[in-house]
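First the structure, in the form of C-alpha cells, and then the observations on it.
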Amino acid sequence: MKISRAEVEHVARLARLALQPEELDAMTGQMDAILGYVDKLNELDTEGIEPTAHAVPMENAFREDAVKPSIGVERAQQNAPETDGSCFKVPKVIE
Amino acid sequence: MQLDNLTISQLREKLASGETTSVELTKAFLARIAATDEKVNAFITVCEEEALAAAEAADQRIAAGNAAPLTGIPLAVKDIFNTIDVRTTCGSKILDNYVSPYDATAIAKLREQGAVIIGKLNMDEFAMGSSNENSAAGSVKNPWDLERVPGGSSGGSAASVAAGQALATLGTDTGGSIRQPASHCGVVGLKPTYGRVSRFGVIAYASSLDQVGPVARNVEDCATILGVVAGYDPADSTSVDTPVPDYLATIKDGVKGKKIGLPKEYFIEGLDADVKKAVDAAIETYKSLGAEIVEVSLPHTDYAVACYYLIATAEASSNLARYDGVRFGVRKDEGEGLIGMYQQTRAAGFGDEVKRRIMLGTYALSSGYYDAYYLKAQKVRTLIRQDFLDAFEQVDFMLAPVAPTPAFKIGEKTDDPLQMYLSDIFTIPLNLAGTCGLSLPCGTSSEGLPIGLQLFGKPFAEGEILQAAWAFESATDFGGKLAPL
C-alpha cells in the first residue's frame with residue numbers, strides 16, 4: 001500500500017474536504033493506484049537535475065508601483081454569499 | 001446560408017459587401033444551437049440577448065467602414081473565461097451562481113474587435129478531464145456519434161464547432177484539453193506556447209501549464225483568432241513580451257524543404273490501427289509536399305503522464321483553495337464554524353474528479369512527501385523539456401498522433417481514473433515542455449470517427465505549425481465538415 005485510509009483522512013483535512021466514509025474508501029484505492037503508477041519516476045536518476053517550475057525561463061516581472069483603477073467594492077462583493085457593509089461575512093471564528 | 005466551408009476572412013468579405021449581416025449570421029448560429037444542443041449539450045449558457053446587441057453594433061461598425069478582422073463574427077468561449085455580467089461556472093456546482101464581474105483579457109480582445117460572443121461552452125469541471133464527463137452541466141456528446149465522448153476538457157469548444165453551432169471557439173489546454181477534443185471532433189485546435197496568450201481572467205487549473213487557444217473548422221481561422229488574442233498583458237506576469245507575427249501572411253508558404261521529426265516513442269504498439277494508418281498516410285502527404293521526414297527521439301515520453309499528474313494536481317490543490325464559500329460561489333454552512341463551513345462547501349461543491357486531484361496534489365505537497373513527489377516531478381519535467389529542445393535542434397517541427405484511439409464511448413473509462421489519464425499520453429508532454437502544438441483532421445476510423453494529426457512546434461513558432469497545417473489541409477480533404485445531426 002502506498003497510502004493508508006488514515007493518511008487519506010489526514011489529507012482530506014488538510015484540503016478542507018469533508019469526505020463521507022464511502023468516499024474515503026474509494027479515494028484510498030484510487031490514490032493508491034495512482035501513486036503506485038507515479039512511482040515509475042523513481043526509475044530515473046535526477047541527481048543534479050534542476051527542477052523546472054515554469055517552461056519559459058523568466059525573471060521576476062516588476063512594474064511601477066502606480067495607482068490604477070481597480071474593480072471596486074460593489075463589483076468585488078457581487079458574488080459573495082454574505083456581506084456586511086464592505087466586508088465579506090463568515091461564520092464566527094473566535095469563541 | 002451555407003456555412004460549412006467558409007473561413008472567417010471569406011465571411012468578412014460577405015459582411016463588407018452587404019451579402020449578409022452580423023445579425024443574420026448570429027441568428028443562424030442561435031437557431032442551429034436551438035435545433036441541435038439538446039443532443040450535443042455543448043453550451044452551458046447561450047447569450048442570445050447580448051449576442052444580438054453585439055451583432056447590431058458590429059453591423060454599424062461594418063457600415064461605418066472600421067471593421068476589424070473579427071467584427072461581426074459569431075464565436076463561443078469555454079465557460080472557464082470570465083465574461084462580464086454573464087454566468088461563468090467552469091463546469092462546477094461550486095460556481096453555479098457566479099456572475100463574472102469582469103472580462104478575461106482574451107475576451108476583452110475579442111470584444112474590442114467587435115466579435116459576437118454567442119455563449120459559454122461546456123467543459124470538464126475546472127478543466128479536469130479527458131472526456132467531458134466531469135461537468136456539473138452533464139456530459140457533452142460527440143456530434144459524430146452521440147454515444148461517444150467529444151474529448152476534454154474543452155469538449156464543448158470542439159463539439160460546438162463540429163456541430164456548426166459556432167464558427168470558432170476559445171478553449172484552454174493544460175494537458176491536451178484543446179488538441180484531444182479537436183482530434184475527436186474532427187476540427188482544428190491550437191495550443192500556443194506557454195506565455196503567448198494572456199490568462200488573466202481564465203479560471204486557473206495548473207498555472208505552469210494552462211494556456212488559451214482557438215478551436216476552428218479550418219487552420220486559417222485558428223491563425224486569425226490567435227493573431228487577435230495573442231500578446232503581452234501586464235495583468236498576466238507569465239505572458240511573454242515578444243511581438244505577435246502576422247500568422248496569415250506566412251500561412252500559405254508551404255513545407256518544401258522543411259524537416260519533420262517523427263518522435264519514435266509516439267509510434268508504439270497499442271496505437272489503434274486506424275489511427276496509425278491515418279497518421280502514416282499524413283506522413284506520405286508531407287513527403288509529397290516536399291518535406292523531409294526524419295526519426296527523432298523524445299526518450300522521456302513514457303514518464304510524462306506520471307510527471308503531469310503530480311505537477312498539475314499540486315498546482316490545482318493550491319489554485320482551488322480559493323473556493324471556500326467566502327467571497328463567491330455556493331456556500332454550504334451547517335453551523336460547525338468557519339473550518340466546518342469550508343469543508344462542507346468544498347465537499348458539496350466539487351465533483352469526484354476535482355476532489356481526487358485536490359487530494360493527490362495536497363498529498364504531493366504535504367510535509368514529508370514534497371521532495372519525493374513534487375520536486376521529483378519538476379526534475380523529470382526538466383528532462384522532458386530538454387527532450388523537445390534537443391529534437392528541435394534537428395528538425396523544424398514534429399508530427400505525431402493526438403490520441404492513441406478515436407473517441408471512446410461515454411462511460412467506458414469513468415470507473416478507472418488511471419486509464420482515463422493514460423488517454424492523454426501523446427498530448428501531455430508538450431504542456432510540460434511549454435511549447436506549441438496543433439491538432440488537425442487527418443482521416444476517419446472504420447466506424448466513421450474523426451482522427452487527428454498532431455504537430456509540435458518550437459517555442460513561439462506557432463506561425464510555422466500553422467503553415468504546415470495549412471499545407472496539409474489544402475492538399476487533403478478531411479476537415480471543414482459539419483457533423484450530420
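In table form, for the structure just shown:
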{"read-out": "Options B:Ser318, B:Ser239; residue that is small (Gly, Ala, Ser), open to solvent by 60 Å² or more (accessible area, probe 1.4 Å) and closer than 30 Å to B:Ala106 by Cβ", "value": "B:Ser318"}
{"read-out": "Filter result (open to solvent by 40 Å² or more (accessible area, probe 1.4 Å) and part of a loop (DSSP other than H, G, I, E, B)) within segment B:139-154", "value": "B:Lys141, B:Trp144, B:Leu146, B:Glu147"}
{"read-out": "Qualifying residues in segment A:77-95 (those that are more than 7 Å from chain B (Cβ to nearest Cβ) and of a type in the set (Gly, Ala, Ser)) - the one surrounded by the fewest Cβ atoms within 10 Å (Cβ to Cβ)", "value": "A:Gly85"}
{"read-out": "Residue count for segment B:66-112, restricted to those that are touching a Phe, Trp or Tyr at 6+ places or on another chain (Cβ under 7 Å), in a loop (DSSP other than H, G, I, E, B) and within 20 Å of A:Ala80 (Cβ to Cβ)", "value": "7"}
{"read-out": "Some residue of segment B:80-99 being small (Gly, Ala, Ser) and closer than 26 Å to B:Arg61 by Cα", "value": "no"}
{"read-out": "Matching residues, segment B:57-86, being among the basic types (Lys, Arg), closer than 13 Å to B:Ile117 by Cβ and open to solvent by 10 Å² or more (accessible area, probe 1.4 Å)", "value": "none"}
{"read-out": "Breaking point among (1) more than 9 Å from chain A (Cβ to nearest Cβ); (2) over 29 Å from A:Thr46 (Cα atoms); (3) in contact (Cβ under 8 Å) with a residue 60 or more places away in the chain, for B:Gln394", "value": "(2)"}
{"read-out": "Residue tally, condition over 21 Å from B:Ile311 (Cα atoms) and touching a helix residue (DSSP H, G or I) at 6+ places or on another chain (Cβ under 7 Å), over segment A:43-87", "value": "2"}
{"read-out": "When residues of segment A:38-95 are limited to those that are polar (S, T, N, Q) and part of a loop (DSSP other than H, G, I, E, B), the one farthest from B:Pro234 (Cα to Cα)", "value": "A:Thr46"}
{"read-out": "Subset of segment B:31-52 [closer than 17 Å to B:Cys185 by Cα, touching a Leu at 6+ places or on another chain (Cβ under 7 Å) and of a type in the set (D, E, K, R)]", "value": "B:Lys39"}
{"read-out": "Residue match in segment B:334-343 (condition: in contact (Cβ under 8 Å) with a residue 12 or more places away in the chain, more than 8 Å from every other protein chain (Cβ to nearest Cβ) and either of a type outside the set (Gly, Ala, Ser) or buried (at least 17 other Cβ atoms within 10 Å of the Cβ) (or both))", "value": "no"}
{"read-out": "Wholly within segment B:158-220, strands (runs of 3 or more DSSP E) carrying at least 3 residues that are farther than 19 Å from B:Phe456 by Cβ", "value": "B:168-173"}
{"read-out": "Single residue of segment A:7-29 satisfying the filter (facing another protein chain (nearest Cβ under 7 Å) and open to solvent by 50 Å² or more (accessible area, probe 1.4 Å)) that is farthest from B:Tyr323 (Cα to Cα)", "value": "A:Leu14"}
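The values are calculated or read from the model by the stated rules, or taken from the named source; none is laboratory data. Please read these numbers as outputs of a predicted model, since none were measured by experiment. Here the Cβ is made from the backbone with ideal geometry for all residues, glycine too, and neighbour counts use every protein chain on show. Ligands, DNA and RNA are stripped out before the accessible areas are found, and what is left, the full protein with its side chains, is counted by its heavy atoms. Shrake-Rupley method; radii C 1.70, N 1.55, O 1.52, S 1.80 Å.
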